[in-house]
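*Asks:* First the structure, then my questions, so here it is.
The values are calculated or read from the model by the stated rules, or taken from the named source; none is laboratory data. Note that this is a predicted model, so its numbers are computed, not measured. Note that we place each Cβ from the backbone using ideal geometry, even for glycine, and neighbour counts take in every protein chain shown. For the accessible areas, the whole protein counts, side chains as well, though only heavy atoms, and no ligand, DNA or RNA atoms are used. Shrake-Rupley method; radii C 1.70, N 1.55, O 1.52, S 1.80 Å.
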Amino acid sequence: MAKTETLHMRIDADLKSNAEYLLNQLGMSTTEAVSIFLRQVILNRGLPFDVKLPKYNEETEKAMKEAREISKNGKGFKDIDSLFEELEK
């Protein structure tokens, strides 16, 4: 049997639980999944998937652009009451 090492890491509890639930449905343990991941890192000589910023849908892109424009033009509200006053106009 191959010599093994122990890997200790901290991970978000919900992330761990959700991943373990799905991996269990696939019939594998977290240890097996991590081993597969690390083998793929070696085979790919890097991460086995693209790491990039998410592409947002058109509606989200428009909302973000609008928010940047509002921010540039200096229109803002000093507090929530001022916001609601403007909305009621």
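*Asks:* Tyr56: net charge of surrounding residues, Cβ under 14 Å, Lys/Arg +1, Asp/Glu -1, itself excluded?
*Replies:* Neighbourhood net charge equals +1.
*Asks:* Find out how many positive minus negative residues lie around Gly46, taking Lys and Arg as positive, Asp and Glu as negative, among other residues whose Cβ is under 14 Å from that of Gly46.
*Replies:* Combined, the nearby Lys, Arg, Asp and Glu give +2.
*Asks:* Computed on alpha carbon atoms, what radius of gyration and Dmax characterise the chain, expressed in Å?
*Replies:* My reading of the Cα-based Rg and Dmax gives 23.5, 75 Å.
*Asks:* A follow-up question, please. Using only Cα atoms, tell me the angle between helix 58-72 and the longest principal axis of the chain; keep it within 0 to 90° and round to the nearest 10.
*Replies:* 50
*Asks:* Sticking with this structure for a sec: Calculated from DSSP H runs of 4 or more alone, at -39500 (n - 2.57) each and per residue, what is the 222 nm mean residue ellipticity of the chain, nearest 500?
*Replies:* -18500 deg cm²/dmol
*Asks:* In Å², what does the accessible area per residue of the chain work out to with a 1.4 Å probe?
*Replies:* 102
*Asks:* Can you tell me the FRET efficiency between Thr30 and Tyr56 if r is taken as the Cβ-Cβ distance and R0 is 41 Å, rounded to the nearest 0.05?
*Replies:* Result of the calculation: an efficiency of 0.85.
*Asks:* Still on this model: Determine the share of the chain's accessible area contributed by carbon and sulfur atoms, expressed in whole percent, with a 1.4 angstrom probe. Spell out each step's value before the answer.
*Replies:* Numbers: 4990 of 9050 Å².
The C+S portion of the solvent-accessible surface of the chain is 55 percent.
*Asks:* Can you tally the net charge around Leu23? Count Lys and Arg as +1, Asp and Glu as -1, for every other residue whose Cβ sits under 13 Å from the Cβ of Leu23.
*Replies:* So the surrounding residues net to -1.
*Asks:* Can you list the trypsin sites (Lys or Arg not before Pro) in segment 1-80 that are in a DSSP coil and have 10 or fewer other beta carbons within 10 angstrom?
*Replies:* Taking segment 1-80 and a limit of 10 other Cβ atoms within 10 Å, the loop trypsin sites (Lys or Arg not before Pro) found are Lys3, Arg10, Arg45, Lys52, Lys55, Lys75, Lys78.
*Asks:* Most fluctuating residue of Gly27, Gly76, Gly46 in a GNM of the chain with Cα springs under 10 Å: which is it?
*Replies:* Sorting by GNM fluctuation, first place goes to Gly76.
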